[in-house]
1. Only one of (1) under 23 Å from M66 (Cα atoms); (2) modelled with pLDDT of 95 or more; (3) surrounded by fewer than 20 Cβ atoms within 10 Å (Cβ to Cβ) is not met by E405, so which one is it?
2. Checking the structure you have, find out if any residue of region 234-251 is part of a loop (DSSP other than H, G, I, E, B), at pLDDT below 95 and touching a Pro at 6+ places or on another chain (Cβ under 7 Å).
3. Exactly one condition in (1) open to solvent by 50 Å² or more (accessible area, probe 1.4 Å); (2) in contact with a helix residue (DSSP H, G or I) (Cβ under 9 Å, 6 or more places away or on another chain) is not met by P107; state its number.
4. Can you name the condition, by its number, that T231 falls short on among (1) under 18 Å from the mean Cα position of the chain (by Cα); (2) within 30 Å of N393 (Cβ to Cβ)?
5. Going by what's in this entry, would T93 be described as modelled with pLDDT of 95 or more and either part of a helix (DSSP H, G or I) or surrounded by 14 or more Cβ atoms within 10 Å (Cβ to Cβ) (or both)?
6. Would you check if there is a residue in region 441-463 being buried (at least 19 other Cβ atoms within 10 Å of the Cβ), under 30 Å from Q370 (Cα atoms) and aliphatic (A, V, I, L, M)?
7. Has region 110-126 got any residue that is in contact with a Leu (Cβ under 8 Å, 6 or more places away or on another chain), modelled with pLDDT under 95, closer than 26 Å to G252 by Cα and open to solvent by 20 Å² or more (accessible area, probe 1.4 Å)?
Amino acid sequence: MRSARIRRTRDACAVALASALALTALTACGTSSSGDDDGGSEGSGSSDPTAPLDPKAKVTLTIDCMPPTAKAAELKEWKEDVAAFNRTYPNVTIQGRSTPGQCLEPPRFTAMLKAKSQPDVFYTYFTDLPQVLDNDGAADITAYVNEKTVPLLKDIDPNVLGSLKHDGKLYGLPTSNYTMGLLINRKLFEDAGLDPDAPPRTWEEVRAAAKRIAALGNGVAGFGEYSAGNTGGWHFTAQMYSLGGDVVDASGERAAFNTDLGKRIARNLHAMRWEDDSMGRTQLLQWGDLQKQIATDKLGMFLAAPDDIAYMVQQLGAKYENFGMGPIPGGKATLAGGNNYMIKKGISGDRIKAAIAWLNFKNLTVGKGQFDWARAKADGLPVGVPQPNFWLNDSKAKDDAARVEHATMPVANFRAFMDNPVPGKAEPPKAQEVYKILDNVMSGILTNKDADIDKLLATAESQVNQILAAR
């Protein structure tokens, strides 16, 4: 854990000033500032966008997604990081903004963009870039991001950075990424005579394993799926990707799921639900439902992002030891996504530089900020979640070693996922609208024994084509 003590310096006044500024930044959380009005607070920093922030530059930054008080450990670390950052940049005042619930809730996010009320540094998902650009909301930071301002830039997976680019211009910096895999309940696998260290690698193996787990009885389902709240369409997309298919074609203008492959996926799910009775009788499930089932030993497996594991332990009282993870069955591709920060268009050059300096310190430096695994362990936060880190090269080796050293969970349980990476594939255009339509396919399959699969897919295809035509 990083020491919070401030070292002595020859200039005690300078230390006192830095400490006072850090305190000011911490206590200012929740206040607002206009992202477009510098209010005379800017220093005389370099006008060269490629140069790092001058530590003498005086700026104030509003930053999205500060942990709320309910997340005491995360908020403690945020405050520590602000104080550490201010030791290098004593004239940067950070005003954190926290929101109840998730950092990004789509209706609130859309309203914020339209009102131009986003903070200077605002949180988004990778898939939000088109919406942000449509609303002219993010600064082009291409010139500001280089190996002087982000020293480990060359070690960030270019596919991750590519998710934040449009027409060759960079509009954000990543904080995390994920790919989906097959999450399993190790206890139920063992009870059914299956090897939890070798999760199914094909959909045929999934079906066979699900039947064996469901045969345990007691209301246990072998395999679970979503079919409501846009999550059914999300998972149908993941299954299409896993077998080399698409939901929207390469042009982005036509649906691509009403194919032999799409019908095969739909019929397999229908057979598992109605012929095998291996998916449970409660359907119309959405995010949170399958997590509760698997955490209470009522579900053998489902498709998930790795951070579901930490959620189930922290929020549902589950044990890390009860879970394992393998790559997505089929293995052709897996649905990928992630989170990032963008910088508000129209703010000053010094503010942009300060934002990049903060994001570099907090999110893009091995061993510091979010990658201080020793501190995370000491604070009781999860370490070792099997997500595909976006680091490459020496940075990956160092970070992987630290994650293993300070792991708070049995990382060996997730080796099948980590040792067999599947190429990530971005979500389709108009993702949430497409998913909502595909929910109808999934709910039809899972709630109606006599479902007309060809009609479900044809209807969804027509509706998705209308959505895409309106782009």
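1. (1)
2. Within region 234-251 (the criterion being part of a loop (DSSP other than H, G, I, E, B), at pLDDT below 95 and touching a Pro at 6+ places or on another chain (Cβ under 7 Å)), the answer is no, since none of the residues qualifies.
3. For P107, the failing item is (2).
4. Going through the list (1) under 18 Å from the mean Cα position of the chain (by Cα); (2) within 30 Å of N393 (Cβ to Cβ), T231 breaks only (2).
5. Yes: the conditions hold for T93.
6. no
7. Yes: one or more hits.
Condition check ((1) of a type in the set (A, V, I, L, M, F, W, C); (2) in contact (Cβ under 8 Å) with a residue 60 or more places away in the chain; (3) touching a strand residue (DSSP E or B) at 6+ places or on another chain (Cβ under 7 Å); (4) in a helix (DSSP H, G or I)) across all residues:
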| position | (1), (2), (3), (4) |
| --- | --- |
| E77 | no, yes, no, yes |
| E80 | no, yes, no, yes |
| A84 | yes, yes, no, yes |
| S98 | no, yes, no, no |
| F109 | yes, no, no, yes |
| Q118 | no, yes, yes, no |
| T127 | no, yes, yes, yes |
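The values are calculated or read from the model by the stated rules, or taken from the named source; none is laboratory data. On a predicted model such as this, the values are computed, not experimentally measured, just so you know. Every residue, glycine among them, receives a Cβ derived from its backbone with ideal geometry; neighbour counts consider all protein chains shown. Ligands, DNA and RNA are excluded from the accessible area calculation, which covers all protein heavy atoms including side chains. Shrake-Rupley method; radii C 1.70, N 1.55, O 1.52, S 1.80 Å.
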